[in-house]
Amino acid sequence: MKAVCWFGKGDVRVENVSEPKIINPHDAIIKVSLTAICGSDLHLYDGYMPTMEKGDILGHEFMGEIVEVGREVRNLKKGDRVVVPFPISCGRCYFCQKDMWSLCDNTNPNAWMAEGMYGFAGAAIFGYSHLLGGYAGGQAEYVRVPFADVGHVKIPADLPDEKVLFLSDILPTGYQAAEYCGIQPGDVVAVWGCGPVGQFAIKSAYLLGAEHVIAIDRIPERLRLAETFGGAETLNYEENEDVVEELKQRTGGRGPDACIDAVGLEAHGTGLGIMYDKVKQTLRLETDRPYALRQAIQACCKGGTVSIPGVYAQFADKFPIGSAFAKGLTFKMGQTHVHKYMRPLLERIQKGEIDPSAIISHRIRLDDAPIAYRKFREKEDCHIKIVLKP
Ligand SMILES: [Zn+2]
Ligand SMILES: [Zn+2]
């Protein structure tokens, strides 16, 4: 079968590899009908994620048709159409039982690596390094889904792939980020980063009752989408460099009630702060560039919440803990508990409250994935979301 494989920094190829087989009785094999490239796949592409090996199959956002199930899978059969959540979760451990699916204790066979880095290991993730389990990803014609009887959500026939694919990651991720803000009526929410997660965070903030959302980015197409799809007011930080001051101005001097950092460890920015981070990151003196996060902490209203769906890997410098402490901020962050949100969000899609396909900017054949990665990295013709058709 064809699969998108990682070969090194900036080197992704479509290779012919052997088809996956059932290994465990709880597995299913899926024939992928649609998959996507995620912003976090760029962290792999850029070589920021350790423990990738040449030939690893990428992709954690995918859906398709069940072609085979293991003997213990009783709630799925051949021909069912499913979306698969990106964290692999057992459904039985302490954390899964508490609805904290991305913290599953049982699915990462390389937990020792993550424990060495973070102290504890979370759930494994499809196509996202050996540190996170070493499972083959879904940017391929077929994929093996472990714990298939736990993770899936069956999709009714009348919903097209493009409307439901993003239940696998970015829609729940944007929604969780907004839910973490504990939005009260009248609240103003600011969102850094108008990529796909940012777009869904904006939309979700309104669905959860925000009065007003301010979207921050530098790419005009993304800002336009934040207006038309999300209904946000926008702030271009290249035109308006003092983001913190501008946010104060727009919120009666108080700052947004909640701030969402949908950017993460590869932030862009302007001025001295970002130069400092880029130099330190290049010299490996710092792993993460927390530029957006610093602004979010500085801008946030006293007593407010900073919610972080953007991915951070390890250490960040000049983290303004004093400011966060003095203002009594609440922080919420982490990988998304996708399983918890899939069904309620599927219902919102069915009711027409949200149409996730609106953010798709490019529809590309799986064969052209290497070009798509390169263009996505360089933000050529301003890609927002690329879907790949095997
Ligand atoms: Zn993703
Ligand atoms: Zn578990």
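The values are calculated or read from the model by the stated rules, or taken from the named source; none is laboratory data. Being a predicted model, the structure only gives us computed values, none of them experimental. Heads up, the Cβs are rebuilt from the backbone with ideal geometry, glycines too, and the neighbour counts pull from every protein chain shown. Only protein heavy atoms, including side chains, enter the accessible area calculation; ligands, DNA and RNA are left aside. Shrake-Rupley method; radii C 1.70, N 1.55, O 1.52, S 1.80 Å.
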Item to check | Separation between Cα centres of the stretch 16-47 and the stretch 180-215, rounded to whole Å | outcome: 31
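Please compare each pair in 54/163; 54/379; 98/154 to a cut-off of 31 Å on the Cα-Cα distance and tell me which ones are over it.
On the way: 54/163 33 Å; 54/379 25 Å; 98/154 22 Å.
As for pairs spanning more than 31 Å Cα to Cα, those are 54/163.
Net charge around residue 131, counting only other residues with Cβ within less than 13 Å of its Cβ (Lys, Arg = +1; Asp, Glu = -1)? Kindly include the intermediate steps, with their values, before the conclusion.
Details: positive: none; negative: 53, 56, 115.
So the surrounding residues net to -3.
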Checklist outcome for this item: The set of residues whose placed amide H lies less than 5 Å from the amide H of residue 124, leaving out same-chain residues fewer than 5 positions away, is 88, 107, 108
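Within the chain, what whole-number % of the accessible surface is contributed by carbon and sulfur, with the 1.4 Å probe and all protein chains included in the calculation?
Numbers: 8290 of 16180 Å².
Of the solvent-accessible surface of the chain, carbon and sulfur hold 51 percent.
Using only DSSP helix segments of four residues or longer, with each worth -39500 (n - 2.57), what per-residue ellipticity at 222 nm results for the chain after dividing by its residue count and rounding to 500?
Details: 14 runs with 113 residues, N = 390.
Roughly -8000 deg cm²/dmol at 222 nm, from the helical runs in the chain.
Going down the list 77/203; 9/389; 9/318, which pairs span over 31 Å between their C-alpha atoms? Could you put the intermediate results ahead of the total?
Details: 77/203 34 Å; 9/389 24 Å; 9/318 28 Å.
Over 31 Å Cα-Cα: 77/203.
Of the beta bridges DSSP finds with both residues in the chain, what % are antiparallel, to the nearest 5?
Numbers: 31 of 57 bridges.
Roughly 55 percent of the DSSP beta bridges within the chain come out antiparallel.
At 25 °C and a viscosity of 0.890 mPa s, what translational diffusion coefficient does Stokes-Einstein give for the chain, taking Rh as the Kirkwood radius over Cα pairs? Give it in µm²/s as a whole number. Walk me through the numbers on the way to the answer.
Values: Rh = 21.1 Å.
Calculated translational D: 116 µm²/s.
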Checklist entry - Taking a 30 Å limit on the Cα-Cα distance, which of the listed pairs 248/351; 21/351; 31/351; 31/340 fall beyond it? => result 248/351; 21/351
Next on the checklist: If packing is taken as the average count of other Cβ atoms within 10 Å, what order do 143-154, 348-359 fall into, highest mean first?
Outcome noted: 143-154, 348-359
Checklist entry - Taking springs between alpha-carbon atoms closer than 10 angstrom, which of 13, 74, 294 fluctuates most in the Gaussian network model of the chain? => result 74
Checklist outcome for this item: With x for Gly and Pro, the residue-by-residue ³J(HN,Hα) of the stretch 355-365, computed from phi through the Karplus equation 6.51 cos²θ - 1.76 cosθ + 1.60 at θ = phi - 60° and given in whole Hz, is 10, x, 5, 4, 8, 5, 9, 9, 10, 10, 6
Checklist entry - What angle, in degrees between 0 and 90 and rounded to the nearest 10, separates the Cα long axis of helix 196-207 from the longest principal axis of the Cα atoms of the chain? => result 70
Item to check | Helix 170-179 axis, angle to the chain major axis (alpha carbon atoms, nearest 10°) | outcome: 40
Next on the checklist: Probe of 1.4 angstrom, ligands and nucleic acids ignored: what's the accessible area per residue over the chain, in square angstrom?
Outcome noted: 41
Item to check | Rounded tilt (10° steps) of 272-282 against the dominant C-alpha axis of the chain | outcome: 30
Item to check | 5 angstrom amide H check on residue 33, placed H, neighbours 5+ away | outcome: 63, 64, 65
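Taking loop as defined by DSSP and a crowding limit of 16 other beta carbons within 10 Å, which GluC sites (Glu not before Pro) in the stretch 183-253 fit?
Those that pass, being in a loop and sparsely packed, are 211, 238, 239, 241.
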Checklist entry - Once you list every other residue whose beta carbon is under 11 Å from the beta carbon of residue 183, what net charge do they have if Lys and Arg are +1 and Asp and Glu are -1? => result -4
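Under the √(5λ) rule applied to the eigenvalues of the Cα gyration tensor, what semi-axes describe the equivalent ellipsoid of the stretch 11-141? Give them in Å, descending.
Each semi-axis is the square root of five times an eigenvalue, giving 23, 21, 12 Å.
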